[in-house]
Each structure stands twice: as structure tokens, then as C-alpha cells.
Amino acid sequence: MFDQIKEWWEGTSEREQQLTLVSGVVIFIAIVYFLIWQPLATNLEDNQQKLNKAEQTLQWVETSATKLVAAGVGGNQKTKRKQNLSQLINTTAKRNSISISRIQNQEEQVDVWINEIEFTQFLKWITTLQNDSNVHVISVDLSRTKIEGMVKVNRLSLSY
């Protein structure tokens, strides 16, 4: 086969050889562009858009987390408690369709873990606990999940 190509090449005129070389270079450049450069550029653009969206989500979560912490730093009013803190957390979580994966009582506080929850639902629940039952957020450790708007509560420490 190589001999046939060599024979064909030698049988063509110099002008045809130049045209063939130029065509080969153009085809090579087109292959490099369409098979390598364009997919890389498209992928880079898509990843940049995903990064921008993730940064916006992170900024929103940080802003909302500030509101969450502010909601937990309420006054020091003591209210009469009809039930202990873990019971209150369990009943309000069930009422708000929140699935608590783990709850741990400590001396004056309760630590709560939630596998996955919509962040706005989490904020509403915490705000309701603070406003209605004077429960305070001591600390919160959140992480993003793969689903946008959803968070995992790694640890939420609450007290009266």
C-alpha cells in the first residue's frame, strides 16, 4: 500500500503535490480544532459556568447562615418548658417533615445531625424553634450536597 501511495505521489505534478500538502495541512488543523481544541474550550466554558453557579450558591448559603446564626443569638429570656429540648426538637422536626439522623443529649445542649435538608426549610425550622420556644443555636456545621439548595447538617448544637 505504501508503494502505491509513493507511486501515485511521484506520478502527480508539482502543483498537485502542493495542493495535496496544503489540503493535508488544512485537514490536520481542522481535525485538531474539532476533535481537541473545541471540546476543551467548550468543557472549560461549562466548568467556568458551574464554578460561577457554585460560588453564587456558596455566597447565598453564607448570607443565609449569617441569618441563621443571628436567629440563634436571641435574648436570654427563660420560658417555661413543657418538654425537654430533645423532645421539642423531635416533635418540631416531625411537624416540619425533617428527618433527623441522630440526636445526642449533652448537659445543657442537644446535638443534632440531619443527612439532607433543603436549606430554606432548615432556616425556617431553626427560626421557629428560636421564636416559639426560645431555643438558641450554639454552633452549626453545614456542608453542601450534590443537589442544589440542599445541605447536610454535620452537627447542630442547640440549647435553651
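The values are calculated or read from the model by the stated rules, or taken from the named source; none is laboratory data. Values in this document were obtained by computation on a predicted structure and should not be read as measured data. Only protein heavy atoms, including side chains, enter the accessible area calculation; ligands, DNA and RNA are left aside. Shrake-Rupley method; radii C 1.70, N 1.55, O 1.52, S 1.80 Å.
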Across the chain, how many lysine pairs, 8 or more apart or on two chains, come within less than 28 Å at their alpha-carbon atoms? 26
Would you mind telling me the share, in percent, of accessible area of the chain contributed by carbon and sulfur at probe 1.4 angstrom? 54 percent
tail above 13 Å in the computed P(r) of the stretch 93-145, as % of all Cα-Cα pairs, reads 65 percent
GNM result for the chain, Cα springs below 10 Å: residue of 32, 112, 69 fluctuating most strongly: 32
Find the eigenvalues of the gyration tensor of the Cα atoms of the stretch 2-156, then list the square roots of 5 times those eigenvalues as equivalent ellipsoid semi-axes, largest first, in whole angstrom. 68, 15, 10
accessible surface per residue for the stretch 27-160, probe 1.4 Å, DNA/RNA/ligands not counted, whole Å² -> 69 Å²
Between 42, 20, 120, which gets the highest mean-square fluctuation from a Gaussian network model of the chain, Cα cutoff 10 Å? 20
Only helical DSSP H runs with n ≥ 4 go in: add -39500 (n - 2.57) per run for the chain, normalise by residue count and round the 222 nm mean residue ellipticity to 500 deg cm²/dmol. -19000 deg cm²/dmol
Order 151, 25 by their accessible area, 1.4 angstrom probe, all chains in place, largest first. 25, 151
Considering only C-alpha atoms, what is the centroid distance from the stretch 17-40 to the stretch 91-113, in Å? 63 Å
Could you rank 1, 150 by how accessible they are, 1.4 Å probe, largest area first? 1, 150
